[in-house]
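Below is one structure. I have some questions about it.
Derivation of every value follows stated rules applied to the coordinates shown; laboratory data play no part. In this text the structure is predicted, and so the values were computed from the model without any measurement. For neighbour counting, all protein chains shown are included, and Cβ atoms are generated from backbone atoms with ideal geometry for every residue, glycine included.
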Amino acid sequence: MCDKLYMPNNLNRVLKKFDFSFSKSLGQNFLIDGNVVEAIIRGAEIKDSDIVIEIGPGIGTLTQQIAKYAKKVIAIEIDKRLIPILEYTLSDFDVDIINEDALKVDFNEIVDSYRDSDIKIVANLPYNVGTSIVTNILEDRVRLESMTVMLQKEVAQRMMAKPGTKAYGSLSVLVDYMADAKEIIKVSKNVFIPKPKIDSMVIRLDPKNENKKDFEKAMFKLTRAGFNQRRKTILNSLSGDGLEKEDLKKILDKLGIAHNLRAENLSTDDYISIAKEIIKSPEIEIYC
Ligand code: SAM
């Protein structure tokens, strides 16, 4: 099995072994630069507890590197000819390979099956459908920590454009409304096989989604409720205002936090865990 698939010799060996030919209509331009791969991984800030969804893994070049850092990778590839190649190049990694069109995938369903994890998208997107994939995911308000994606440079610039500039348009407003966007790295067209006509850019979008707002609200309410009545046990101080004692008990038991602790005994991580459980429970409304 080949490591470092961004090295042209390794890439070509795999392509030859499987007699693979590129499809232009599927935007198949594979990365051949280790520095760019590294910049994407660094920009995405992948933690070993993260579930990473990669759209368009190709032969698994980026996927292998993501899998070294993430808890698990879910790779969605439309081209069925690439599936046996991915099974070969990713055999040593924890990667679920899904042979589907990313434009038809229900990302909310995937995310819902990993409720306890942070989910990130990392992808070198196919040129022709890159914009639609990003906007679909933003509009569906998929619960993501971040989306680190390579797009055509001009599209990425339009996504980040400021009012009064030539690039500013409806795409810029949509992205700004839905996410915080930043440039990770500009990428020359020379670092792909086959070489495309235009340069690319990797950007990172951190969705300003409702879940994040709910989470922050729950965090602040919890800490305030706890410390306002610091002599009470957390079971008494944190409950009320819509959070039933019974629901709180279940959450504390699930997290292994004793009921009789006081607010000052909980760490920030404890408050984060409780807040995450609260926003995951549809029956608890007052905190949202
Ligand atoms: N990740 C690889 C890399 O960086 O070398 C390949 C990136 S290549 C630019 C885009 C990949 O997306 C190709 O593997 C292509 O087959 C796949 N693809 C194209 N359209 C897709 C779609 N609608 N859904 C899922 N994958 C798609």
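With axes computed from alpha carbons, what is the tilt in degrees of helix 8-17 against the longest principal axis of the chain, rounded to the nearest 10 within 0 to 90?
Roughly 80 degrees, rounded to the nearest 10.
Same structure, new question: Against the longest alpha carbon principal axis of the chain, how many degrees, from 0 to 90 and to the nearest 10, is the axis of helix 34-44 turned?
Helix 34-44 and the main axis of the chain meet at about 20 degrees.
Which of the GluC sites (Glu not before Pro) found in the stretch 1-95 are in a DSSP loop and have at most 14 neighbouring Cβ atoms, other than their own, within 10 Å?
45
Which one of 267, 170, 200 has the biggest mean-square fluctuation once the chain is modelled by GNM with Cα springs under 10 Å?
With Cα springs under 10 Å in the chain, the top fluctuation among 267, 170, 200 is at 267.
So what's the gap between the Cα centers of the stretch 10-84 and the stretch 172-193, to the nearest angstrom?
Going from one Cα centre to the other spans 18 Å.
Mind listing the phi-derived Karplus ³J(HN,Hα) values for the stretch 105-113, rounded to whole Hz, using 6.51, -1.76 and 1.60 with θ = phi - 60°, and x for any glycine or proline?
6, 8, 5, 5, 5, 4, 4, 5, 7
Calculate how steeply helix 130-139 sits against the longest principal axis of the alpha-carbon atoms of the chain, using the helix alpha-carbon long axis, and give the answer as 0 to 90 degrees to the nearest 10.
Roughly 10 degrees between the two axes.
Hey, another quick one. List the pairs from 120/208; 104/162; 120/254; 104/208; 47/153 whose alpha-carbon separation is above 20 Å, in the order I gave them.
104/162; 120/254; 104/208; 47/153
Under 10 Å, Cα contacts only: if you run a Gaussian network model on the chain, which one of 65, 28, 229 comes out with the highest mean-square fluctuation?
229
Could you sort out which of 17/72; 80/276; 189/276; 68/195 sit more than 32 Å apart by Cα distance in this structure?
Result: 80/276; 189/276 exceed 32 Å.
Could you derive backbone 3J(HN,Hα) for the stretch 182-196 from the dihedral phi with the Karplus parameters 6.51, -1.76 and 1.60 (θ = phi - 60°), listing whole Hz in sequence and x where the residue is Gly or Pro?
Calculated HN-Hα couplings, in order: 8, 7, 9, 6, 7, 10, 6, 5, 6, 9, 10, 10, x, 6, x Hz.
Per-residue HN-Hα couplings for the stretch 266-276, Karplus 6.51 cos²θ - 1.76 cosθ + 1.60 at θ = phi - 60°, whole Hz, x for Gly and Pro?
Once θ is set to phi - 60°, the couplings for the stretch 266-276 become 8, 8, 4, 4, 4, 4, 4, 5, 5, 4, 5 Hz.
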